[in-house]
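A.B. asks: Structure incoming, see below.
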Ligand code: PMP
């Protein structure tokens, strides 16, 4: 049916974005079977046809602070948040970015005074997403610098705290932890969608980052968006993107708009299983299988999550993160190497500011890889 088709095209992208263990592109090869769904069945609903003469200009909407934001993409974002109830868009400026990665750069630039005597400190609680430190210091700009674990930050100085909720790598729900009065907060809400976590209330922070990479799995489209309360911050973020890439691909924005509208449509429709229902079922099944495999070995443990009722779906469940944060109970010191010896590629805890007793493994691989992962894990002696 058309419904199934719509769900399928979206899900096929969700299952295919992740390479081996990983969300960043240093993974291994993937093959194309497993959970991949026949794209011939997808219908036309998310097909975008463009001609060479379309979207030629740098500009999209000169009346908008973010002048390269395609109006169709802005309305798709607004509708999706409204439908899911995971964030307030009212009274907020939308800034589009080449992935939320570019918006992270834009946000730390916008929150750091350009002529400060010292670089702005940027912190996040351990374990933190392994790209923040690299992204912050990559250019050694003098505008900002990575200052590590937010729990340890005790300087009486201005700082930016990045709050990732649900968190990558461990899936926890987070709030700011620095006890200071000179801080600005960036909320990275990449995983605040109902296939990963019960939605509690619509988020209404000053700066919130989202991305198609995690919402629908479309990482390759390179589209993220920020919801920004303060006009001046939105302007500075826009300026950063102007200097960096003179805007964001319009073709990608148009395609993202089409995909997000289809997701909202699957919810509004009301009769069939929605995209989020389908994705939730898949995550729940995988987490069940992973927990069984882990219990089988007794070598590792996984985080336990409190159960809550989701305001979107009405289901009561605990987090179903996109990553498994495995802790070793035994004597192994370097767990990443240990697992590699067992033909499982993960990312070691130290990359997230934690110890080598931890590793992060993807829950988003293709079905065949996921099968192999849980099988190999359960066989480790
Ligand atoms: N934030 C978090 C917490 C992530 O896990 C990721 C993807 N790994 C990103 C941001 C970046 O996503 P993208 O640039 O693909 O939008």
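The values are calculated or read from the model by the stated rules, or taken from the named source; none is laboratory data. Since the structure is predicted, the reported quantities are computational estimates derived from the model, not experimental observations. Quick reminder, even Gly has a Cβ in these numbers, built from the backbone with ideal geometry, and neighbours come from all protein chains shown.
A.B. asks: Here is a list of conditions, (1) part of a loop (DSSP other than H, G, I, E, B); (2) surrounded by 18 or more Cβ atoms within 10 Å (Cβ to Cβ), and residue 314 meets all of them except one; can you say which number that is?
C.D. replies: Residue 314 satisfies all of (1) part of a loop (DSSP other than H, G, I, E, B); (2) surrounded by 18 or more Cβ atoms within 10 Å (Cβ to Cβ) except (2).
A.B. asks: When the stretch 261-281 is examined, which residues are found to be farther than 20 Å from residue 364 by Cα and within 20 Å of the chain's Cα centre (by Cα)?
C.D. replies: Once the filter is applied, which keeps residues that are farther than 20 Å from residue 364 by Cα and within 20 Å of the chain's Cα centre (by Cα), the stretch 261-281 yields 261, 262, 264.
A.B. asks: Still on this structure, please answer the following. Quick check on the stretch 282-300: of everything there that is loosely packed, with under 13 Cβ neighbours inside 10 Å and free of Cβ contacts under 8 Å to residues at least 24 places away in the same chain, which residue is nearest to residue 367 (Cα to Cα)?
C.D. replies: Only one residue fits best here, namely 285.
Conditions (1) assigned by TED's automatic domain parsing to the domain that holds residue 150; (2) under 18 Å from residue 172 (Cα atoms); (3) within 16 Å of the ligand (Cβ to nearest atom); (4) modelled with pLDDT under 95, marked per residue:
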{"residue": "285", "(1), (2), (3), (4)": "no, no, no, no"}
{"residue": "291", "(1), (2), (3), (4)": "no, yes, no, no"}
{"residue": "317", "(1), (2), (3), (4)": "no, yes, no, no"}
{"residue": "321", "(1), (2), (3), (4)": "no, yes, yes, no"}
{"residue": "329", "(1), (2), (3), (4)": "no, no, no, yes"}
{"residue": "353", "(1), (2), (3), (4)": "no, yes, yes, no"}
{"residue": "356", "(1), (2), (3), (4)": "no, no, no, no"}
{"residue": "366", "(1), (2), (3), (4)": "no, no, no, yes"}
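A.B. asks: If I filter the stretch 107-125 for residues that are part of a loop (DSSP other than H, G, I, E, B), touching a helix residue (DSSP H, G or I) at 6+ places or on another chain (Cβ under 8 Å), within 15 Å of the ligand (Cβ to nearest atom) and closer than 16 Å to residue 184 by Cβ, do I get at least one hit? Show your work before the answer.
C.D. replies: Step one: of the stretch 107-125, the residues part of a loop (DSSP other than H, G, I, E, B) are 111-119, 125.
Then drop every residue that is not touching a helix residue (DSSP H, G or I) at 6+ places or on another chain (Cβ under 8 Å), which leaves 111, 125.
Those still in the list that are within 15 Å of the ligand (Cβ to nearest atom) too: 125.
Filter once more, keeping what is closer than 16 Å to residue 184 by Cβ: 125.
Yes, because at least one residue in the stretch 107-125 is part of a loop (DSSP other than H, G, I, E, B), touching a helix residue (DSSP H, G or I) at 6+ places or on another chain (Cβ under 8 Å), within 15 Å of the ligand (Cβ to nearest atom) and closer than 16 Å to residue 184 by Cβ.
A.B. asks: Filter the stretch 340-370 for residues that are in contact (Cβ under 8 Å) with a residue 40 or more places away in the chain and part of a helix (DSSP H, G or I) and give the result.
C.D. replies: Of everything in the stretch 340-370, those that are in contact (Cβ under 8 Å) with a residue 40 or more places away in the chain and part of a helix (DSSP H, G or I) turn out to be 349, 351, 352, 367, 368, 369, 370.
A.B. asks: Going through the stretch 243-253 one residue at a time, which ones are surrounded by fewer than 18 Cβ atoms within 10 Å (Cβ to Cβ) and touching a residue at least 12 places away in the same chain (Cβ under 8 Å)?
C.D. replies: Matches in the stretch 243-253: 244, 245, 246, 251.
A.B. asks: Can you tell me which residues in the stretch 172-193 are in contact (Cβ under 8 Å) with a residue 60 or more places away in the chain and within 11 Å of the ligand (Cβ to nearest atom)? Let's see the steps before the verdict.
C.D. replies: Here is the first cut: in the stretch 172-193, the ones in contact (Cβ under 8 Å) with a residue 60 or more places away in the chain are 172-173, 184, 186, 188-193.
Matches in the stretch 172-193: 186, 188, 189, 190, 191, 192.
A.B. asks: In the stretch 125-151, which residues are buried (at least 18 other Cβ atoms within 10 Å of the Cβ) and touching a residue at least 60 places away in the same chain (Cβ under 8 Å)?
C.D. replies: 127, 128, 129, 130, 133
A.B. asks: Another one. Looking only at the stretch 81-106, how many residues end up being under 22 Å from residue 196 (Cα atoms), surrounded by 22 or more Cβ atoms within 10 Å (Cβ to Cβ) and more than 11 Å from the ligand (Cβ to nearest atom)?
C.D. replies: Final tally of qualifying residues: 4.
A.B. asks: Filter the stretch 202-237 down to the residues that are surrounded by 22 or more Cβ atoms within 10 Å (Cβ to Cβ) and more than 15 Å from the ligand (Cβ to nearest atom) and list them by number. Working first, answer last.
C.D. replies: Taking the stretch 202-237 first, the residues surrounded by 22 or more Cβ atoms within 10 Å (Cβ to Cβ) are 207-219, 221, 223-228, 234, 237.
Answer for the stretch 202-237, where residues must be surrounded by 22 or more Cβ atoms within 10 Å (Cβ to Cβ) and more than 15 Å from the ligand (Cβ to nearest atom): 228, 234.
A.B. asks: Another question, if that's okay. Checking residue 73 against (1) outside any loop (DSSP other than H, G, I, E, B); (2) away from the ligand (no atom under 16 Å from the Cβ); (3) within 16 Å of residue 254 (Cα to Cα), which single condition isn't satisfied?
C.D. replies: (2)
A.B. asks: Consider residue 69 against the criteria (1) more than 28 Å from residue 157 (Cβ to Cβ); (2) under 20 Å from the mean Cα position of the chain (by Cα); (3) buried (at least 19 other Cβ atoms within 10 Å of the Cβ): it satisfies all of them except one. Which criterion is unmet?
C.D. replies: In the conditions (1) more than 28 Å from residue 157 (Cβ to Cβ); (2) under 20 Å from the mean Cα position of the chain (by Cα); (3) buried (at least 19 other Cβ atoms within 10 Å of the Cβ), residue 69 misses (2) alone.
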